[in-house]
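Enquirer: Mind having a look at this structure? Questions to follow.
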Amino acid sequence: QFVNNYGMLNPAFTGVKGIFNAVVDYRTQWVGYDGAPQTSTINLNSRFLNGKMGAGVYMMQDVVGPSQQTNFGANYAYHIHFPDCELSTGLSGNYTKYTLNGSKITLHNTQDPSIDQTVSSTVGVPDANVGFYLYNDRFHIGFSALHLLQSKAKFYTGDTLKKSVVKYAPQMYGSLGYNYSQNPDYVWENTLLIDYVQGPPTIMLDYTLLMHYRGKIYGGLSVRLNDAIALHLGVTILQGLQVSYSYDIIISKLQSYNSGSHEIMLIYNFDYATNNRNSQRAKRFAHQRYSYML
């Protein structure tokens, strides 16, 4: 559900909605595998100084097999307003607590001297991200670069036999989005995400199509190239509070070994100035059509 939580991928998204925005997300991937990935995120952000700046904090925990990464970060974005669009540039700094639990590692050779299955090792890793985001209520173009510091997590540093290094690879995201409608009550949201990580031989492409009805309910699907098809459903249950759920149908060779992936998200939007979540967004752009898409 990157469309609703894009601030985790691009710091320039911080404050784009123009109000206080809180997102809580939980994803469990490849259900049926022992040690399959589980990801939890909390992202809080808002806008200040008459809309010129945005700031926020976030936390992400990623558990995969014997490893656990808990990441704490802060985002800052500067927004430049034009008559019919805004340009945001963003920067974030973060710190990761990275733990490797030896007891959860299964070895082919139980006498392998490079792994101590009785010991866990925890290290701290600093990092930074940067991005830009050009947008209005009808389109967006975004780009971000993560792991700028190319930091290294060094485990078991006190034992020369077991000392190991995990290097964070540079990762880049590009996104394109376009919202279309003949009737403003029904808006078709199209988003293409491009993900490149140094090392893997392919670029990941993810296309999402969502149909929104009056900002109260939406449904749609995503297609990740050579990986999965995701089904989405979201509903606003109270003023400013949205619940959404997604289910991945695996189409790769992994489909025979798991029952898919589940993701649930809570989003809360609050206009602290007027207690009307659309008031600050009603006339932001010269040719604005879809207030609730911001």
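The values are calculated or read from the model by the stated rules, or taken from the named source; none is laboratory data. What you are looking at is a predicted structure, and each value in this text was computed from that prediction instead of being measured. Using ideal geometry, Cβ is built from the backbone for each residue, glycine included, and neighbour counts are taken over all protein chains shown. The accessibility values were calculated without ligands, DNA or RNA, using every heavy atom of the protein model including side chains. Shrake-Rupley method; radii C 1.70, N 1.55, O 1.52, S 1.80 Å.
Enquirer: With no solvent and one point per C-alpha, what does the Debye sum give as log10 I(q)/I(0) for the stretch 19-178 at q = 0.15, 0.18 Å⁻¹?
Expert: Calculated log10 I(q)/I(0) at the listed q: -0.94, -1.19.
Enquirer: Sorting check: for 137-148, 104-115, which peptide has the highest mean count of neighbouring beta carbons within 10 Å, and how do the rest follow?
Expert: Highest mean packing first, the order is 137-148, 104-115.
Enquirer: Say the cut-off is 25 Å between C-alpha atoms; which of Lys104/Lys152; Lys216/Lys253; Lys17/Lys152; Lys97/Lys162; Lys104/Lys154 go over it?
Expert: Lys216/Lys253; Lys17/Lys152
Enquirer: Under 10 Å from the Cβ of Ser175, count the other residues' Cβ atoms, weight Lys and Arg +1, Asp and Glu -1, and hand me the total.
Expert: Neighbour charge sum, excluding Ser175 itself: -2.
Enquirer: Where the centre of each part is set by its Cα atoms, how far does the stretch 74-129 sit from the stretch 188-229, in angstrom?
Expert: Taking the Cα centre of each part, the stretch 74-129 and the stretch 188-229 sit 23 Å apart.
Enquirer: Keeping the other protein chains in place, figure out the carbon and sulfur percent of the accessible area of the chain, with a 1.4 Å probe.
Expert: Of the solvent-accessible surface of the chain, carbon and sulfur hold 61 percent.
Enquirer: Under unit Cβ charges (Lys, Arg +1; Asp, Glu -1), what dipole magnitude, rounded to 20 debye, does the chain have relative to its Cα centre?
Expert: The dipole of the chain has a size of about 540 debye.
Enquirer: Another question about this same structure. Can you tell me the alpha carbon radius of gyration of the stretch 160-277 divided by the globular rule-of-thumb value 2.2 N^0.38 Å?
Expert: So the Cα radius of gyration is 1.39 times the expected 2.2 N^0.38 Å.
Enquirer: In square angstrom, what is the accessible area per residue of the chain with a 1.4 angstrom probe?
Expert: That works out to 52 Å² for each residue.
Enquirer: Let me check against my output: what whole-number percent is the relative contact order of the stretch 1-68, with C-alpha pairs under 8 Å and at least 6 apart?
Expert: 30 percent
Enquirer: A further question on this structure: With labels modelled as points extended 7 Å from the Cα through the Cβ direction, what inter-label distance (nm, one decimal) is found for Arg289 paired with Gln239?
Expert: Here the modelled spin labels are 2.9 nm apart.
Enquirer: With 14 Å as the cut-off, how large is the P(r) tail for the stretch 27-103, expressed as percent of Cα-Cα pairs?
Expert: In whole percent, the share of Cα-Cα pairs in the stretch 27-103 beyond 14 Å is 69.
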